[in-house]
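Visitor: Handing you this structure, nothing more for now.
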Amino acid sequence: MVLVMVFGVALLIAVLLSGLAARSVLSTSLLFLVGGALVSDGFLGLIHITPDSGIVAVTADLALFAVLFTDGMHVSFPALRRAWRNPVRALGLGMPLAFLGVALLTHFLVGLDWTTSFLVGAVLAPTDPVFASAIVGRREVPARLRQLLNIESGVNDGLALPFVLILIAAAAPAGHAEDADFAAIATELVLGLLLGVLLPLLANWLVRFRLLGAEPRLQPLLPLAVGVTLYAACHLTHANPYLAAFSAGAVIVAVSPEAKEAFEPLGESLAELAKFAALLVFGALLTPQLFGDLSPGGYAVAVLAIVLVRPASMLLSLVGTGFDRRERLTAAWFGPRGFASVVYGLLVLQSGIPRAEDAFTLIAVTIAFSIVAHSSTDVPIARVFHVEELAGIPDGGNDGNGGKDGDEGPRPPVGGRGRGGEGDVGPKAGEGAVSPRA
């Protein structure tokens, strides 16, 4: 119950500070991380969470499922067909280069074996512009840049997942050869994909029967019912729930846009709560001892992954595109280690592989550094694009919102039609610019 109280107080503080976060360097992800660290054994000792605590695995599992389910709903297949070249370059070239770069640094500077080094690279490869909301949600910023950041971050979580799972299995000790059954992993992934596609199609088919159909007040619960059923079905059949979640979200928005629109406010709020809970638990693991356990080489990797590997890999992938220098540098900088990296790091910690704690320590410190670095720079960079109104609080009858969200909230639809025109990635017509991500 103490943990529930801590979460409630942290959530209240986050909401109260969300207006300040909308126009300053404050980040609510950082708030939950720091809050978790302060109440843990490392400081106040109000809650006692260890890497083998059951709540770590459960929270990570639920949070990532919720995040990927809502992320899938931001994938627009028509928009991908219209604007696929630049995101494909970022995903097909930039992401593998970042993956390889982090793995090489980890092996040579930290001394982890090659398999674990590539696992760290896979965990830190996904990005999420949650700290760049002053960029991705503003029509003053070129639409192609917002499309690039949104499509890249929306897809790379799912692309990294198979590599994370396979590398965890490959790193299993010799006495656990059954854990390295790659055929079983492939079966889980395929089954997850099938369930993620078929269950939403079945629900969409049923709701169109003449005698059936959702009453308007209950329409938001239809995708929720699909999500809950899918989560349980995956665990009962040992299908991969994360690939199922992402594919289900993408199918729902493709076959039933009205269901996605009805569910979006509820879904984003539920995903927010799940993410904040996982960040609080993650923060509780960030003890002074954890930072003390990281070697100087590990700190070098954490810094270089942010200031060198991601920028260099993205800049290389954008060579020959129509982006100007300002747009390329912005895309290269905003590659923060997103929420998927937090959860994948917890999966590594729970895996029991040799040197799992060493890998998690490096992952955790890199994520913490990324949150600080990127959440404090989106407002200054937004002003380079002449984004002036960054406060997220309406004033009187004036909407006047936008700017920097506190953190991970409703991501603008990938390639949706915003106020910037066709293919714009911004708020829907008639809405404010970007609501604060509490």
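Visitor: For PRO162, which of the numbered conditions (1) in a helix (DSSP H, G or I); (2) modelled with pLDDT under 80; (3) surrounded by fewer than 19 Cβ atoms within 10 Å (Cβ to Cβ) fails to hold?
Guide: (2)
Visitor: Any idea which of LEU286, LEU346, LEU270, LEU280 is hydrophobic (A, V, I, L, M, F, W, C), assigned to a helix (DSSP H, G or I) and open to solvent by 10 Å² or more (accessible area, probe 1.4 Å)?
Guide: LEU270
Visitor: Then there's this: Can LEU194 be described as over 20 Å from the mean Cα position of the chain (by Cα), under 27 Å from SER375 (Cβ atoms), open to solvent by 60 Å² or more (accessible area, probe 1.4 Å) and modelled with pLDDT of 85 or more?
Guide: Answer is no for this residue.
Visitor: Being open to solvent by 10 Å² or more (accessible area, probe 1.4 Å) and either modelled with pLDDT of 80 or more or within 30 Å of GLN350 (Cα to Cα) (or both) is the filter here, so list the residues in the stretch 134-151 that pass it.
Guide: Scanning the stretch 134-151 gives a single hit, ARG144.
Visitor: Return the residues of the stretch 80-112 that are of a type in the set (Gly, Ala, Ser), part of a helix (DSSP H, G or I) and surrounded by fewer than 23 Cβ atoms within 10 Å (Cβ to Cβ); say none if nothing qualifies. Talk me through it step by step, then tell me what you get.
Guide: Of the residues in the stretch 80-112, the ones of a type in the set (Gly, Ala, Ser) are 83, 90, 92, 94, 98, 101, 103, 111.
Cutting the leftovers down to part of a helix (DSSP H, G or I) gives us 90, 92, 94, 98, 101, 103.
Of everything in the stretch 80-112, those that are of a type in the set (Gly, Ala, Ser), part of a helix (DSSP H, G or I) and surrounded by fewer than 23 Cβ atoms within 10 Å (Cβ to Cβ) turn out to be GLY92, GLY101.
Visitor: If you don't mind, another one. Would you check if VAL384 is modelled with pLDDT of 70 or more and closer than 30 Å to ASP293 by Cα? Can you show your working first?
Guide: Working: modelled with pLDDT of 70 or more: yes; closer than 30 Å to ASP293 by Cα: no.
Against the criterion (modelled with pLDDT of 70 or more and closer than 30 Å to ASP293 by Cα), VAL384 does not qualify.
Visitor: Select, from ILE363, ILE353, the only residue that is assigned to a loop (DSSP other than H, G, I, E, B), modelled with pLDDT of 65 or more and open to solvent by less than 60 Å² (accessible area, probe 1.4 Å).
Guide: Of ILE363, ILE353, the one residue that is assigned to a loop (DSSP other than H, G, I, E, B), modelled with pLDDT of 65 or more and open to solvent by less than 60 Å² (accessible area, probe 1.4 Å) is ILE353.
Visitor: Take the stretch 31-42 and flag every residue that is assigned to a loop (DSSP other than H, G, I, E, B) and either modelled with pLDDT of 85 or more or exposed (fewer than 13 other Cβ atoms within 10 Å of the Cβ) (or both). Even if it seems obvious, please write down each step before you answer.
Guide: First, pick out the residues of the stretch 31-42 that are assigned to a loop (DSSP other than H, G, I, E, B): 40-42.
Answer for the stretch 31-42, where residues must be assigned to a loop (DSSP other than H, G, I, E, B) and either modelled with pLDDT of 85 or more or exposed (fewer than 13 other Cβ atoms within 10 Å of the Cβ) (or both): just SER40.
Visitor: Shifting gears a bit: Looking at the stretch 14-29 only, could you name the residues that are more than 15 Å from LEU273 (Cβ to Cβ) and at pLDDT 75 or above? Lay out the reasoning, then the answer.
Guide: Initially, the stretch 14-29 is screened for residues more than 15 Å from LEU273 (Cβ to Cβ), giving 16-17, 19-27.
Across the stretch 14-29, the qualifying residues are LEU16, LEU17.
The values are calculated or read from the model by the stated rules, or taken from the named source; none is laboratory data. Computed from a predicted model, the values in this text were never measured in an experiment. Because the Cβ atoms are built from the backbone with ideal geometry, glycine has one as well, and the counts that use them run over all protein chains shown. These accessible areas exclude ligands, DNA and RNA; they are computed on the full protein's heavy atoms, side chains included. Shrake-Rupley method; radii C 1.70, N 1.55, O 1.52, S 1.80 Å.
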